[in-house]
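What follows is a single structure, written as structure tokens, with notes after it.
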Amino acid sequence: MNAPTIRSQVARLFRPLRSSGTRTVRAAIEQEFFAVDFFNGSSVHPTRVRDAVAGRPYAPWVSFEPGGQVELSLPVSPSARVAAEHLAEVTRALAADLLGAGIVLYAQPVRTSEPTTPRFLRSPRYDAMERHFDTIGPAGRRMMRHTTSTQVCLDWWPGRAGLEQWRLLLLAGPFLAAATAHSTGPTGRLTTWLAADPDRTAFDDRLLHGDPVAAYSSFAAGATDFLGEGIEAHLSTLFPPVRPRGSYLEVRFPDGQPTEHVGDLAEGLAGLLYDDERRRSALASLAGEQSRLAEHWAAAAAGTGDVERGLALLTGSTRTLEVAA
């Protein structure tokens, strides 16, 4: 598999950059949780969770990660604020239903208290993924079993604005990650992700080299195709900090956030992308940082990242942005 072969499929993921569509300001949130037994604290099998939520209105939005982490993938909302409010409402209902079944739901980015958590989900995809990660080191298994994230999906605007959105998220990512971190150091979630498979995570500047489609195609070609099921399947196994999804951008880098903090994250990201003046000011403040992205990601993982700069980007604090620039 090489970059020219992949390029046509990748181009579909970057459609907004070559379109003249309309601008919308919607948001969707994917929130991951750990689910543990009330009495012994062990991770519970997804079947127990499925049984506890069967028939509930939110049940179709519940899915699972390999270690039994519960994922709520909520439908798109007209704004980030509404999306966060919906998440809070559904989370309360989910937590209550699970508690009635002896299951405790909690949001934190890493779970280190149970290092032998089994991989509950068995499928050819996850079997192949685990075999591949095992050739690199232990971080892949930790990522699959012991980490959670809060992912925010935002509309990708056409043309120049869309290119600005893409570049800004990639450049601001390590600072935003530092500002919203709930785990750092050797056992931190981001540390695990940086070590899992650098060829398929791109915590550096490779996605900002020249044309976005060409850069992403080169990135995809450089990652091992461990599925062998074609280009589309291979692309689904890439885990960059920001994933192009055709009509929207999936922001993947934040740690799993407490539900009460998700609104600040989602609204901050929406403001950063959807406000023209703020977006361009932020881009200007990050000029010159591209070559240092790998360094900034490492600092964010270690807990020494520029938190103040990340908070300025997230809140739109012009004064702090000017100082940082």
The residue that is least open to solvent (accessible area, probe 1.4 Å), considering only those in region 300-313 that are out of contact with any helix residue (DSSP H, G or I) (no Cβ under 7 Å at 6 or more places or on another chain) and over 17 Å from Ala196 (Cα atoms), is Gly303
Say whether the condition of being acidic (Asp, Glu) and either free of Cβ contacts under 8 Å to residues at least 12 places away in the same chain or in a strand (DSSP E or B) (or both) is met by at least one residue in region 268-276.
-> no
Subset of region 236-253, residues more than 21 Å from Gly162 (Cα to Cα) and in contact (Cβ under 8 Å) with a residue 60 or more places away in the chain, comes to Thr237
Counting only residues in region 39-63 that are of a type in the set (Ser, Thr, Tyr) and in a loop (DSSP other than H, G, I, E, B), the one nearest to Thr117 (Cα to Cα) is identified as Ser42
In region 73-101, residues that are in contact with a Leu (Cβ under 7 Å, 6 or more places away or on another chain) and in a strand (DSSP E or B) total 0
Across region 1-12, the tally of residues that are over 30 Å from Arg122 (Cα atoms) and either open to solvent by less than 80 Å² (accessible area, probe 1.4 Å) or free of Cβ contacts under 8 Å to residues at least 40 places away in the same chain (or both) stands at 4
Restricting attention to region 105-126, the residues that are open to solvent by 50 Å² or more (accessible area, probe 1.4 Å) and either of a type outside the set (Phe, Trp, Tyr) or over 20 Å from Ser183 (Cβ atoms) (or both) number exactly 9
*Quick check, is Arg167 open to solvent by 40 Å² or more (accessible area, probe 1.4 Å) and over 30 Å from Gly228 (Cβ atoms)?*
yes
Within region 13-30, the count of residues that are open to solvent by 40 Å² or more (accessible area, probe 1.4 Å), in a helix (DSSP H, G or I) and closer than 22 Å to Val152 by Cβ comes to 2
### Query
Can you find a residue in region 223-232 that is farther than 15 Å from Gln151 by Cβ, without any contact (Cβ under 8 Å) to a residue 60 or more places away in the chain, touching an Asp or Glu at 6+ places or on another chain (Cβ under 6 Å) and among the hydrophobic types (A, V, I, L, M, F, W, C)?
yes
Those residues of region 39-71 which are among the hydrophobic types (A, V, I, L, M, F, W, C) and touching a Leu at 6+ places or on another chain (Cβ under 7 Å) amount to Val49, Ala52, Val53, Trp61, Val62, Phe64, Val70
Here the residues within region 136-154 that are open to solvent by 10 Å² or more (accessible area, probe 1.4 Å) and touching a Leu at 6+ places or on another chain (Cβ under 8 Å) are Cys153
Filter region 31-82 for residues that are of a type in the set (D, E, K, R) and under 15 Å from Leu98 (Cβ atoms); the one that is surrounded by the fewest Cβ atoms within 10 Å (Cβ to Cβ) is Asp51
How many residues of region 177-233 are open to solvent by 30 Å² or more (accessible area, probe 1.4 Å), touching a Phe, Trp or Tyr at 6+ places or on another chain (Cβ under 7 Å) and among the aliphatic types (A, V, I, L, M)? The answer is 1
When Ala101 is run through (1) in contact with a Lys or Arg (Cβ under 7 Å, 6 or more places away or on another chain); (2) under 20 Å from Val152 (Cβ atoms); (3) small (Gly, Ala, Ser), the failure sits at (2)
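The values are calculated or read from the model by the stated rules, or taken from the named source; none is laboratory data. Model, not experiment: these values are computed from the prediction. Heads up, the Cβs are rebuilt from the backbone with ideal geometry, glycines too, and the neighbour counts pull from every protein chain shown. Note: accessible area is taken over every heavy atom of the protein model, side chains too, but ligands, DNA and RNA are not part of it. Shrake-Rupley method; radii C 1.70, N 1.55, O 1.52, S 1.80 Å.
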